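Here's the structure, in structure tokens; my notes come after.
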Amino acid sequence: MNKEIKEILKNLGEISENIEGTNVLVTGGAGFLGSWICDVLVEQGAKVICLDNLVSGLRANISHLMNKDNFKFIQHDVTQPIHFNEQIDVVMHLASRASPFEFERYPIQILKANTLGIWVALGIAKKHDARFLYTSTSEIYGCADEIPTTEEYWGNVNPIGPRSCYDEAKRCGESYVIAYKMQHGLDTRIARIFNTYGPRMRAEGVYGRVIPRFIEQALNNDPITIFGDGSQTRSFCYVTDQVEGLVKLAFLDEARGEVVNIGSDKEITILELAKLVRDLTNSSSGMEFLPLPEDDPPRRKPDISKARRILDWEPKVGLEEGLRRMIGWYKG
Ligand code: UDP
């Protein structure tokens, strides 16, 4: 078993017992976070159905699971109805593109995954009386003027800006979840995921998020592209910590009905991040300053006291350690 999956299972502690033997549907299961979740659940003895249309998820992320008896992959677009004969106990809806570069190019697909897609996923949960976890995002807070941001903050979102397909779709997705909870008494949980990074995150030139882009640029000794003056901040959570939080939120009985921020509360500027990546890769890259994208949030940092309290969770892997691991994965 992969060392990092082992680490997650150890940190899950007693919750592991709740996972064994359950039938779990993971939408977007071949994506970055979805595939890590499939790994953990399969290893812990759940029966996993992984649904993915493979337009942004990758077969390579799950190829090592294909021959496992308790793993089934179905290539399917979750915005289209699908019916299961076998019992489903838990639905984890992760399907959606999430990179700001994709917001420009695929806004309709992003809207559909978080409106039509969540409607299909919730319908499955309702039919099977399954528990439902939705992976929402810090983006629902928009350009937050409350930092650190608590779950009580309502958001400051531009409904017609370039990020609106993601921000508003995720807000609509949350609204769907609450509607199914109210009208049908469904057991729901909402995770608001803050910036997360780690192996399997795509760099892929223009479509990548900031960390894979910086690592790739630094390893090639290409200029590191800073948008704006680099004074905007983010708080980066390593994937093993994020996955532990998501699985705890999905499987802890006490988390029923909760909405929880999951991410790191260690804030760093993008310029500092670029320098750190350059140092850790011993790169000779220079810095190239490019225009700041419209509506790029100036600061982002969660208040994670609720996750600490309800899930007994906190991030354990520091940024430097996480970056070292990710750089190691890149180098192969
Ligand atoms: N960013 C940057 N250079 C890049 C890519 C991103 O300076 O090559 C900045 C981006 O403008 C944002 C931050 O890094 O302020 C995080 O970007 P990311 O795409 O990871 O996602 P976001 O947190 O904005 O959703």
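Restricting region 1-80 to chymotrypsin sites (Phe, Trp or Tyr not before Pro) that sit in a DSSP loop and have at most 13 other Cβ atoms within 10 Å of their own Cβ leaves nothing. Computed over region 1-149, the percent of Cα pairs more than 24 Å apart is 34.
Within region 103-158, the GluC sites (Glu not before Pro) that combine a DSSP coil assignment with at most 15 other C-beta atoms in a 10 angstrom radius are GLU146, GLU152. Spin-label model, GLU288 to GLU320: label points 7 Å out along the Cα-to-beta-carbon direction sit 2.9 nm apart. Think of region 181-330 as a dipole: +1 on every Lys or Arg Cβ, -1 on every Asp or Glu Cβ, centred on the Cα centre; then among PHE194, SER264, LEU252, LEU252 lies furthest on the positive end. Amide H contacts of ASN23: LYS47, ASP89, VAL90, each under 5 Å away and 5 or more positions distant or on a separate chain (H built 1.01 Å from N in the peptide plane; Pro and chain starts excluded).
Secondary-structure-derived ellipticity at 222 nm for the chain, considering helices only, amounts to -11500 deg cm²/dmol, per-run term -39500 (n - 2.57) for DSSP H runs with n ≥ 4. Three semi-axes describe the equivalent ellipsoid of region 1-42; taken as square roots of 5 times the Cα gyration tensor eigenvalues and ordered largest first, they are 17, 14, 7 Å. The slack between GLU146 and LEU280, meaning 0.36 nm per residue of separation minus the straight C-alpha distance, is 45.0 nm. In terms of overall dimensions, the chain has a Cα radius of gyration and Dmax of 18.8, 58 angstrom.
Charges were assigned to the Cβ only: +1 to each Lys and Arg, -1 to each Asp and Glu. The resulting dipole of region 235-332 about its Cα centre is roughly 240 debye.
Compared with the direct C-alpha span, the chain from GLU272 to HIS64 gains 71.3 nm at full extension, assuming 0.36 nm per residue.
Taken one residue at a time, the phi angles of region 282-292 give Karplus couplings (6.51, -1.76, 1.60, θ = phi - 60°) of 6, 8, 9, 4, x, 10, 10, 8, 10, x, 6 Hz. Gly and Pro are set to x.
Per residue, the Cα convex hull of region 264-309 amounts to 92 Å³.
Computed from the alpha carbon positions, the gyration tensor of region 65-146 leads to an equivalent ellipsoid with semi-axes of 27, 16, 13 Å, biggest first.
Derived value for region 237-300: Kirkwood hydrodynamic radius 15.2 Å. Basis is the mean of 1/r over every pair of different alpha-carbon atoms.
When the scattering of region 193-329 is computed by the Debye formula from its Cα atoms alone, each counted once and equally, what is log10 I(q)/I(0) at q = 0.21 Å⁻¹? Here the Debye-derived log intensity ratios amount to -1.24.
Figure legend: label point modelled 7 angstrom from the Cα of SER305 along Cα→Cβ; residues of region 239-283 with amide N under 19 Å from it are 258-267. Relative to its residue count, region 133-219 spans a Cα convex hull of 132 Å³ per residue.
In summary, the lysines within cross-link reach of LYS126, defined as a Cα separation below 24 angstrom excluding same-chain residues under 8 places away, comprise LYS47, LYS72, LYS112, LYS170, LYS181, LYS248.
Remark: region 189-232 projects, on average over all directions, an area of 4.4 nm² (convex hull of Cα atoms).
Taking 7 Å steps out from each Cα toward its Cβ at ASN220 and LYS10 produces label points 3.7 nm apart. Hey, could you get me the Stokes-Einstein D for region 30-107, Kirkwood radius over alpha-carbon pairs, 10 °C and 1.306 mPa s, rounded to whole µm² s⁻¹? Once the numbers are plugged in, D ends up at 118 µm²/s. Under 5 Å between amide hydrogens, built in the peptide plane, is the criterion, and for ILE224 it picks out GLY286, MET287, GLU288 among residues at least 5 positions away or on other chains. Highest GNM mean-square fluctuation, the chain, Cα pairs closer than 10 Å: which of THR281, THR240, THR135? Among THR281, THR240, THR135, the largest mean-square fluctuation in the Gaussian network model of the chain belongs to THR281.
A simple rule links phi to the HN-Hα coupling: the Karplus curve 6.51 cos²θ - 1.76 cosθ + 1.60 with θ = phi - 60°, which for region 136-149 gives 8, 8, 4, 4, 5, 7, x, 7, 5, 9, 10, 10, x, 8 Hz, with x for Gly and Pro.
Grab the other residues whose beta carbon is less than 12 angstrom from that of ARG278, score K and R as +1, D and E as -1, and report the net. Taking every other residue near ARG278 into account, the sum is -2.
Values in this text are rule-based calculations from the coordinates and carry no lab data. Bear in mind the structure is a predicted one, so any value in this text is a computation, not a measurement. Quick reminder, even Gly has a Cβ in these numbers, built from the backbone with ideal geometry, and neighbours come from all protein chains shown.
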